[in-house]
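Trainee: Attaching a single structure in structure tokens format; questions to follow.
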Amino acid sequence: MTGISLGLPDAPPPVLAPRRKTRQLMVGNVGVGSDYPVSVQSMTTTKTHDVNATLQQIAQLTATGCDMVRVACPKTIDAEALPAIAKKSPIPVIADIHFQPKYIFAAIDAGCAAVRVNPGNIKEFDGRVKEVAKAAGDAGIPIRIGVNAGSLDKRIMEKYGKATPEALVESALWEASLFEEHGFGDLKISVKHNDPVIMVEAYRQLAAQSDYPLHLGVTEAGPAFQGTIKSAVAFGALLAEGIGDTIRTSLSADPVEEIKVGDQILQSMNLRPRKLEIVSCPSCGRAQVDVYSLAERVTAGLEGMEVPLRVAVMGCVVNGPGEARDADLGVASGNGKGQIFVKGEVIRTVPEDQIVEVLIEEAMKLADEMDPEVLAAAGVTGAPQVKVTS
């Protein structure tokens, strides 16, 4: 039988470049560095001192595939909430600290898995590095040095005039060197900019000059559509060169959407096991069915299914049979009917109004037949599920 096997792959899927070698560190139970998979993270939008709301949002992020989560700590009441959040969160919690160095120590004492600091806007930060390094070292937690284009140290801005790639990198490496002077090297670094071109060049320079794990981000990327494009372009360019160890897509949207976008970027780069993938044609004058409607209904019908399954929804006889045959499951439509392919073979031909129902039925059969090891590798722990639609 031709087509794609649903058993264990003979070899790992190909990637565009090997990962850049970095030092390794642990954020709670999540490894960060070249020995570990690229992780996806987000940041809560709740008021951190509202513990229940924050934990509820963390639970939603976890269910979507978030590996670690950052929470803001701008006020004393937020710092006071950190112990409860860190203890009850199902994923590692990173405290995000700006302006007040005292909250760094509060976050460490609270049991947070890591602390993110922005040296450019923390008062007298350079003079407090020794204290921070000792506290973090004693607690065994890493520090992320998060340099942002919008909050560079004034000395760096005076030197370069604006947030150039060189300015971002110099700032980050300077702060890292202060930690290293005090014997602390469990550092990861980000050099974020809202322009993907500047951001990519900054990370390239940083990667060439250090072995720190890198947190990728396009800061203030924008609304969902624009931010997704900017993040995908920037992350894709860097990940294709093996640069990047953890990512966050900074969208002006529900943080759950950040995880969905980040997860899909990694799946598209073969850096995370692929789950359900819908392949559908863009439609054209050759289409003999309403491809838009058909693809939307199939997508909605398979919502909730996360098994590694490739489903092709095609609307004409030019590319349709070939795409459907190469997928695990597919349909090539035309003249009011559809040929259903499973593992490269036509199993039946059905009227157009039955295509969605039959595809869902066959998808469930394939999911039930999958090797448990394949499902586990894709992060599927329960029985395959789909959303029932009419």
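The values are calculated or read from the model by the stated rules, or taken from the named source; none is laboratory data. None of the values given here were measured: they were computed from a predicted structure. Heads up, the Cβs are rebuilt from the backbone with ideal geometry, glycines too, and the neighbour counts pull from every protein chain shown. Heads up: the accessible areas ignore ligands, DNA and RNA and are worked out on the full protein's heavy atoms, side chains in. Shrake-Rupley method; radii C 1.70, N 1.55, O 1.52, S 1.80 Å.
Trainee: If you plug each phi of the stretch 362-372 into the Karplus form 6.51 cos²θ - 1.76 cosθ + 1.60 with θ = phi - 60°, what whole-Hz ³J(HN,Hα) values come out, in order, with x for Gly and Pro?
Mentor: 5, 4, 5, 4, 5, 4, 5, 8, 5, 4, x
Trainee: Tell me the volume per residue, in Å³, of the convex hull enclosing the alpha carbons of the stretch 9-150. Display every interim value, and only then the final one.
Mentor: Details: hull volume 19.6 nm³, N = 142.
About 138 Å³ per residue, rounded to a whole number.
Trainee: Nearest 10 degrees is fine. How inclined is helix 129-139 to the longest principal axis of the chain, computing both from alpha carbons?
Mentor: 60
Trainee: Once you mark the GluC sites (Glu not before Pro) that are in a DSSP loop and have at most 14 other Cβ atoms within 10 Å, what is the longest gap between them in the chain?
Mentor: With GluC sites (Glu not before Pro) excluded where exposed in loops, the chain gives 125-302 as its longest stretch.
Trainee: Near residue 337, which lysines are there with a Cα under 27 Å away, not counting those fewer than 8 places off in the same chain?
Mentor: 365, 387
Trainee: Next question, about the same structure. Could you compute the FRET efficiency for residue 365 and residue 226, with r as their C-beta to C-beta distance and R0 at 35 Å, rounded to 0.05?
Mentor: About 0.30, to the nearest 0.05.
Trainee: Output the pairs from 192/260; 47/260; 88/192 with a Cα-Cα distance over 25 Å in this structure; if there are none, say none. All intermediate terms of the calculation are to be shown ahead of the outcome.
Mentor: On the way: 192/260 20 Å; 47/260 22 Å; 88/192 30 Å.
Where the Cα-Cα span goes over 25 Å, the pairs concerned are 88/192.
Trainee: Something else: Counting Lys and Arg as +1 and Asp and Glu as -1, each charge on the Cβ, what is the dipole of the chain about the Cα centre in debye, to the nearest 20?
Mentor: So the magnitude is around 700 debye.
Trainee: Take the alpha-carbon centre of the stretch 94-145, take the same for the stretch 216-293, and report the distance between them in whole Å.
Mentor: The stretch 94-145 and the stretch 216-293 have Cα centres separated by 32 Å.
Trainee: With a 1.4 Å probe and every protein chain left in place, tell me how much accessible area residue 316 has, in Å² to the nearest 10.
Mentor: 20
Trainee: Sequence-distant or interchain residues sharing an amide H contact under 5 Å with residue 272, placed H: which?
Mentor: 267
Trainee: From the phi angles alone, apply the Karplus equation (6.51, -1.76, 1.60; θ = phi - 60°) to the stretch 173-189 and give each ³J(HN,Hα) in whole Hz, x where the residue is Gly or Pro.
Mentor: Once rounded to whole Hz, the list reads 6, 5, 5, 4, 5, 5, 5, 4, 4, 9, x, 10, x, 7, 10, 10, 10.
Trainee: Moving on to the next point. Any aspartates and glutamates with Cα under 13 Å of the residue 87 Cα? List them, leaving off those in the same chain fewer than 8 positions away.
Mentor: Straight-line reach from residue 87, under 13 Å: 109.
Trainee: Now for a separate question. From a point 7 Å beyond the Cα of residue 121 in the direction of its Cβ, which residues of the stretch 83-113 have a backbone N at a distance under 11 Å?
Mentor: Under cut-off, by backbone N: 97-100.
Trainee: May I ask you to list the aspartates and glutamates whose Cα is less than 20 Å away from that of residue 21, ignoring any residue fewer than eight positions away on the same chain?
Mentor: Output for residue 21: 35, 180, 186, 201, 211, 241, 245.
Trainee: Quick query: amide H of residue 279 versus all other amide H atoms, modeled in the peptide plane; which residues come in under 5 Å with a sequence gap of 5 or more or a different chain?
Mentor: 311, 312, 313
Trainee: Now a separate question. For the chain, find the longest principal axis of its Cα atoms and tell me its angle to the long axis of helix 291-301, 0 to 90°, nearest 10.
Mentor: 70
Trainee: Could you give the alpha-carbon Rg of the stretch 187-242 over 2.2 N^0.38 Å, rounded to two decimals?
Mentor: The stretch 187-242 yields a ratio of 1.07.
Trainee: For the chain, find the longest principal axis of its Cα atoms and tell me its angle to the long axis of helix 255-268, 0 to 90°, nearest 10.
Mentor: The two axes meet at around 70 degrees.
Trainee: Hey, in the GNM for the chain with a 10 angstrom Cα cutoff, which one of 219, 299, 44 fluctuates hardest?
Mentor: Of 219, 299, 44, the most mobile in the Gaussian network model is 299.
Trainee: Any number yet on Rg/Rh for the chain, C-alpha, Kirkwood?
Mentor: 1.04
Trainee: For residue 80 paired with residue 15, estimate the spin-label separation in nm (one decimal), with each label point 7 Å from Cα along the Cα-to-Cβ line.
Mentor: 4.5
Trainee: Here is a follow-up. Taking amide hydrogens as modeled 1.01 Å from N in the peptide plane, which residues meet the under 5 Å criterion relative to residue 303, leaving out close sequence neighbours?
Mentor: 387
Trainee: How large is ³J(HN,Hα), in whole Hz, for each residue of the stretch 217-229 in order, when computed from phi with the Karplus curve 6.51 cos²θ - 1.76 cosθ + 1.60 and θ = phi - 60°, using x for Gly and Pro?
Mentor: x, 9, 5, 6, 4, x, x, 3, 5, 4, x, 5, 5
Trainee: Run through the DSSP bridge list for the chain and note the antiparallel percent, rounded to the nearest 5.
Mentor: Once the DSSP bridges in the chain are tallied, antiparallel ones form about 30 percent.
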